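*Asks:* I'd like to ask you about the structure that follows.
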Amino acid sequence: MQTVKMSSKNQIVIPKEAREAMHLKGKDELVIVVKGNMTVIMPKPDSYRRDLAGSGKGIYGEDHLRKERKSW
């Protein structure tokens, strides 16, 4: 884990190791998500639809849809 220091202009430099891991290059856009006291920085996806496809798989049990329809 590395630490960085914020400049007087509220800027930080993302360490080389992190840039390489995220495959970042100059002028790439980043997404910043704040959850409570935690901040996540990640590359902005080319397509949110493509990157999120299938991310909900397995959230609901196999018979969830059947039970839901039965409740109507």
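The values are calculated or read from the model by the stated rules, or taken from the named source; none is laboratory data. Worth saying up front: this structure is predicted, and the values here are computed from it rather than measured. Here the Cβ is made from the backbone with ideal geometry for all residues, glycine too, and neighbour counts use every protein chain on show.
*Asks:* Of all residues in region 21-32, how many are exposed (fewer than 11 other Cβ atoms within 10 Å of the Cβ) and either touching a His at 6+ places or on another chain (Cβ under 7 Å) or at negative phi (or both)?
*Replies:* Number satisfying all stated conditions: 5.
*Asks:* Testing residue 60 on (1) modelled with pLDDT under 90; (2) surrounded by 10 or more Cβ atoms within 10 Å (Cβ to Cβ); (3) within 30 Å of residue 14 (Cα to Cα), one condition comes back false. Which one is that?
*Replies:* Condition not satisfied by residue 60: (3).
*Asks:* Between a residue in region 45-61 that is closer than 23 Å to residue 30 by Cα and any residue that is of a type in the set (Val, Ile, Thr), which pairs come within a Cβ distance under 9 Å, given they are 6 or more apart or on different chains?
*Replies:* 45/31
Condition check ((1) within 22 Å of the chain's Cα centre (by Cα); (2) acidic (Asp, Glu); (3) surrounded by 10 or more Cβ atoms within 10 Å (Cβ to Cβ); (4) at pLDDT 90 or above) across all residues:
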position	(1), (2), (3), (4)
8	no, no, no, yes
11	yes, no, no, yes
17	yes, yes, no, yes
68	no, yes, yes, yes
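*Asks:* Need a quick list: helices (runs of 4 or more DSSP H) entirely within the chain having at least 1 residues that are in contact with a helix residue (DSSP H, G or I) (Cβ under 6 Å, 6 or more places away or on another chain) and of a type in the set (Val, Ile, Thr).
*Replies:* none
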